[in-house]
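A short worksheet on the structure shown next.
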Number of protein chains: 2
Amino acid sequence: MHKDRWNRLARNRDDRLARAAGRLGARAGQRHVAHADAVALLEAVLEPGDRVCLEGNNQKQADFLAKALLQVDPARVHDLHMVQSVLALPEHLDIFERGIASKLDFSFSGPQGARLAQLVSQGHIAIGAIHTYLELFARYFVDLTPRVALVVAASADAAGNLYTGPNTEDTPAIVEATAFRRGIVIAQVNEVVDVLPRVDIPADWVDFVIASPRPHFIEPLFTRDPAQISEIQVLMAMMAIKGIYAEYGVQRLNHGIGFDTAAIELLLPTYADSLGLKGRICQHWALNPHPALIPAIEAGWVESVHSFGSELGMENYIRARPDVFFTGRDGSMRSNRAFCQAAGHYACDLFIGSTLQMDLQGNSSTATMDRIAGFGGAPNMGADARGRRHASPAWLMAGEEARRGRSGAAATPRGQKLVVQIVETFREHMQPAFVERLDAWTLQERAGLALPPIMVYGDDVTHVLTEEGIANLLLCRSDEEREQAIRGVAGYTAVGQARDHRLVENLRDRGVIRRPQDLGIDPRQATRQLLAARSMRDLVRASGGLYAPPKRFRNW
Amino acid sequence: MHKDRWNRLARNRDDRLARAAGRLGARAGQRHVAHADAVALLEAVLEPGDRVCLEGNNQKQADFLAKALLQVDPARVHDLHMVQSVLALPEHLDIFERGIASKLDFSFSGPQGARLAQLVSQGHIAIGAIHTYLELFARYFVDLTPRVALVVAASADAAGNLYTGPNTEDTPAIVEATAFRRGIVIAQVNEVVDVLPRVDIPADWVDFVIASPRPHFIEPLFTRDPAQISEIQVLMAMMAIKGIYAEYGVQRLNHGIGFDTAAIELLLPTYADSLGLKGRICQHWALNPHPALIPAIEAGWVESVHSFGSELGMENYIRARPDVFFTGRDGSMRSNRAFCQAAGHYACDLFIGSTLQMDLQGNSSTATMDRIAGFGGAPNMGADARGRRHASPAWLMAGEEARRGRSGAAATPRGQKLVVQIVETFREHMQPAFVERLDAWTLQERAGLALPPIMVYGDDVTHVLTEEGIANLLLCRSDEEREQAIRGVAGYTAVGQARDHRLVENLRDRGVIRRPQDLGIDPRQATRQLLAARSMRDLVRASGGLYAPPKRFRNW
């Protein structure tokens, strides 16, 4: 009895394995399961109310297992609590509609955001919380440990060792949390091979391997066609480089997804080089292998890149540039989202990302009415890392600016991370990026969230960069100054037009707001000619033919 | 030539491996090296100026490799840049005195703090920076990647797979960063076996394995003898439980090292139980397996514990309580400092730790004159996790208290981590814990640091708890209030005596300061009788004989 009291998880695990063996007619300990038996396996090992992690992130997806999960009998398997990074595939939501799952803790829902909001309002999904990735992984080790993990790898060997290849991504964090708390780990793989190129996940940690009928789905999320970069984006990129990167001497950084940051990457070997900045900025990156970074790498700007995940088409290029990327002895990349997020949080001096809406406090959100988009990695990287203790010139300078003239606890010297929001004053369909009130507040009410889904808090933002200029919020000393600094770069939006012109000019005199001309940038020089690559073809050429863009990006 | 340009690291790695093979007369690819050849191996693979990680943390130490490193010829191997968690062994400093190493980036130096300060002042060591652990690991993936990692495991198999056993600690982070950037990984192991209990590090990631002549050193750092807990500590523990844990409903937390927190752990099944708090607080922990937690675990208080490292003597107890601890299928624990620090940062609602000095802004430091002690994990866990987005009652309540009545960006609703400093007003030798000026400032000047070595910033501290009461800094609205709140619990220290009595009473009326009697706690009831275990023997008994304290703690 005493033994039983402390062995609940292990005994329950044994029960599940026994059910699986019974259902599949397999001998105990058999790791490989035929794909035709996937649904039976899931029905055998899952129990109602289980916490389940279905792997998927912005690149690879355990899509075969997602489809299999959708086919289980809801009378047997229901009310699962999904704890997963991303809702990307229709199946991720279908399982809620079918009643197989009922509760959700997650990080990002991108394309499924609208349907997610709908299912929440219909009562099909109870959202626990929206997280940033590292936060969700952290909870896997505390109060959200998966009982069953459904993961994905490139290949497995007979013993059950897994090779994830360049898209290691979330797998190590998920598997470690599950396997070491007596959970069940099931991996779909593209193939079973005799000898793996390398071992990414030891067989010990894996219970079942299923060779899926088709290779897993993978999305080229970080590919931006340079042909679509506008001259306004070139202008903003010039301001970022001269007014922020050079000013602070930013050597270690992370870029978000988007054309704005792609433009910066493509200006390094041209515009930034003309400013004599090579070696003085942008040497170390926590970043997926953005194709737009190829020209800067080829020009010798980049010392190192550690990545959350990989990017489709970049495999051969990465393999040929082992000095820059983290690669295994097999030559392919080892990405790791948990470590790269830690790097983005603690070892980077700057995060720059975009947003859909920003309010007068500087709070920003990608939530809009009727879409629950989630956060991804932005909150972790776009927050001041207050546990950081090592200094760098950029961090010290930002911290000094924030504390200048202050007193008390706020005056204790401390560095600060640069958190830049780069955004055009109007986004597509002439929606203003600056608003009096974020849609996030409405979403909070509708979805019953404890707080509005703010992605980056105004408290943490240091610079707002638009085509009109840069507002340095570190130098603001009151709510009113912060509000006017934001209005002062908000262009012709209603928020921008309501600026107090006298105050804004005063902020400009103090260097809180800087226009292109204050930075010595002539907007007429902001042409696409400055981009080191102006098309996908240019990127391929810059890579020496090593970069192989996915079909949909090949327009020649 | 083109190939060469991008293969610098891989070619350099091959050179090192070739030198090792030549020196040892070994065939290429041979992983196992005799311990008598350790120095020769290090001389062959190391190059002047290398960044080297010598593994060691507050528990296990790669002590054999440390000794071997000390024996290399400084004419061949010199000016190493050590990037390591802990300076614990004399050899960690001897290598600087001998000129083998010259630069240091680290996290914690505990017992070697005084000698470290001396070597810095003598110019033997240039300190890069002092980090918190997760921050240092993060830099391993950005700008401080080790070229050579000297790690330690319990055992290896013929292929070179490693078993770390319960003390996995830092190994996965170090090895992943080094191996995947073409560095060299050398592991000392206690033994080579045919079949490992489980695989913690795949052989792919390891270059050389050396069976050391003696098992690696291991320190029982988290063992506190309940016999040494004072009645003042019992009183403070009662205040922590009733005035903070119960008040906020803290379910997920981390405790630092020390008798103060050991007292809290030992009051859970007694005092906290009498308050009806079982199930309402303290269910999930990011914590090493503290022996003092045994009575609470046995009484059914604890749902889960994820650990940074293990604790000597707790092996059999952990093995018998698999529902509580993260263990492998072999039954022994899998600790992981990186993931546990992430858990402490993002998945805990409260951090409580002690300090040596606190100033009037609430900044605290363990740095004293002529000692560079480092930070360990405290900055990461004792800082508000501003990237956090999921809510819990404790976090929401703390955030609401901090924002009540504020305006602008500071008023945007947001949760906040509870960061409690628990400290007696006088520490040993009647040194006051509260000071006008931290010794950290003097140390900054002497050691030439960019910032004073503050462990937890006043900005991040939410509560100061002494035998005189609790100061809730969340409720302070000005520098003056914060100062008086701290003075108001600083007892008979000079800082405490200089309080403004009228203001302090006003803070007490507002609930900013709470005395034991305000909490309904009678100090006369704060006796050692309340402790669930009052001796090491009691802990052993509580564990059903499973806990086996190290010899020095066995006084019966």
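Here, each number is a calculation from the coordinates, and none is a lab measurement. The model shown is predicted, which means the values in this text are computed figures rather than measured ones. With ideal geometry, Cβ positions are generated from the backbone for all residues, glycine too; neighbour counts draw on all protein chains shown.
Identify the residues of segment B:521-545 with backbone N under 12 Å of a label point that sits 7 angstrom from the Cα of B:Trp556 along the Cα-to-Cβ direction, or state none. Under 12 Å, as judged by backbone N against the label point of B:Trp556, lie B:533-545 of segment B:521-545. With a Förster radius of 45 Å, plug the Cβ-Cβ distance of A:Arg437 and B:Ala299 into 1/(1 + (r/R0)^6) and report the FRET value to the nearest 0.05. Step by step, r from the Cβ atoms, then E = 0.35.
Ranked for footprinting exposure by Cβ neighbours inside 10 Å, fewest first, B:His35, B:His255 give B:His35, B:His255. With a cut-off of 15 Å between beta carbons, the residues surrounding B:Pro220 carry a summed charge of 0, where Lys and Arg count +1 and Asp and Glu -1.
If Lys and Arg each add +1 and Asp and Glu each add -1, what is the summed charge of the other residues whose beta carbon sits under 15 Å from the beta carbon of A:Pro197? List each step's numbers first, then the result.
On the way: positive: A:Arg198, A:Arg319, A:Arg329, A:Arg334; negative: A:Asp157, A:Glu191, A:Asp194, A:Asp200, A:Glu315, A:Asp330, B:Asp204.
Neighbour charge sum, excluding A:Pro197 itself: -3.
Grab the eigenvalues of the alpha-carbon gyration tensor for segment A:226-536, scale each by 5, take roots, and send me the semi-axes largest first in whole angstrom. Please report the intermediate quantities before stating the final value.
Working: eigenvalues 175, 98, 88 Å².
Gyration-tensor ellipsoid for segment A:226-536: 30, 22, 21 Å.
Is segment B:203-342 best put as rounded, prolate or oblate by its Cα gyration tensor, with a ≥ b ≥ c the root eigenvalues, rounded for a/c under 1.5, and otherwise prolate when a/b is larger than b/c, oblate when not? Note, shape of segment B:203-342 comes out prolate. For the residues of B:387-400, the average number of beta carbons from a partner chain within 10 Å of their own beta carbon is 6.
Using only the alpha-carbon atoms of the protein assembly as shown as identical scatterers, what base-10 log of I(q)/I(0) does the Debye formula give at q = 0.04, 0.07, 0.08 Å⁻¹? For the protein assembly as shown at q = 0.04, 0.07, 0.08 Å⁻¹, log10 I(q)/I(0) is -0.19, -0.62, -0.83.
For the protein assembly as shown, give the share of DSSP beta bridges that are antiparallel, in percent and rounded to the nearest 5; count only bridges with both residues there.
30
Taking the average, over residues, of other Cβ atoms within 10 Å as the packing measure, peptides B:513-526, A:432-445 rank A:432-445, B:513-526 from highest down. The separation of segment B:497-518 from segment B:347-362, counted between C-alpha centres, amounts to 20 Å.
Normalised by residue number, the volume inside the convex hull of the Cα atoms of chain B is 162 Å³ per residue.
In a DSSP loop and with at most 14 other Cβ atoms within 10 Å, the trypsin sites (Lys or Arg not before Pro) in segment A:34-91 are A:Arg76.
The 3J(HN,Hα) values that the Karplus relation (6.51, -1.76, 1.60; θ = phi - 60°) gives for segment A:245-258 are, in residue order, 4, 6, 4, 9, x, 7, 9, 10, 7, 10, 10, x, 6, x Hz. Gly and Pro appear as x.
Roughly what % of DSSP beta bridges within segment B:20-211 run antiparallel, to the nearest 5? Percentage antiparallel, nearest 5: 10.
Over the whole of B:323-332, what's the average partner chain Cβ count within 10 Å per residue? Rounded to a whole number, please. If you can, show how the numbers build up before the last one.
On the way: counts 10, 3, 2, 8, 5, 5, 8, 1, 1, 0.
Rounded to a whole number, the mean comes out at 4.
Across peptide B:444-457, the mean count of Cβ atoms from other chains lying within 10 Å of each residue's own Cβ comes to 3. Using only side-chain charges placed at the Cβ, +1 for Lys and Arg and -1 for Asp and Glu, the dipole size of the protein assembly as shown relative to its Cα centre rounds to 720 debye. In terms of packing, defined here as the mean over residues of other Cβ atoms within 10 angstrom, the peptides A:271-283, B:388-400 line up highest first as B:388-400, A:271-283. In chain A, the DSSP beta bridges split such that about 30 percent are antiparallel, to the nearest 5.
For B:Ala411, the distances from its label point to the matching points in the remaining copies are 2.7 nm, ordered from shortest, with each point set 7 Å beyond Cα toward Cβ.
Protection proxy ranking, highest mean first, for peptides A:98-109, A:208-219: A:98-109, A:208-219, where packing is the per-residue count of other beta-carbon atoms within 10 Å, averaged. In nanometers and ordered shortest first, the copy-to-copy spacing of the A:Asp14 label point, defined 7 Å from Cα toward Cβ, is 5.3.
Over segment A:2-211, with a single point scatterer placed on each C-alpha, what log10 of the ratio I(q)/I(0) does the Debye formula yield at q = 0.08, 0.12, 0.14 1/Å? Reported log10 I(q)/I(0), two decimals: -0.25, -0.57, -0.78.
Pairs of Cα atoms nearer than 8 Å and 6+ residues apart set the relative contact order; for segment A:284-398 it is 20 percent. Projecting the Cα atoms of A:Pro74, B:Thr355, B:Ile229 onto the charge dipole of the protein assembly as shown (Cβ charges, centred on the Cα centre) puts A:Pro74 farthest toward the positive pole. Shortest first, B:Pro393 label-point distances to identical copies amount to 5.2 nm, with the label point at 7 Å from Cα along Cα→Cβ. Taking a ≥ b ≥ c as the square roots of the Cα gyration tensor eigenvalues, with a/c under 1.5 meaning rounded and otherwise prolate when a/b beats b/c, else oblate, which class fits segment B:25-83? Cα axes put segment B:25-83 in the oblate bin.
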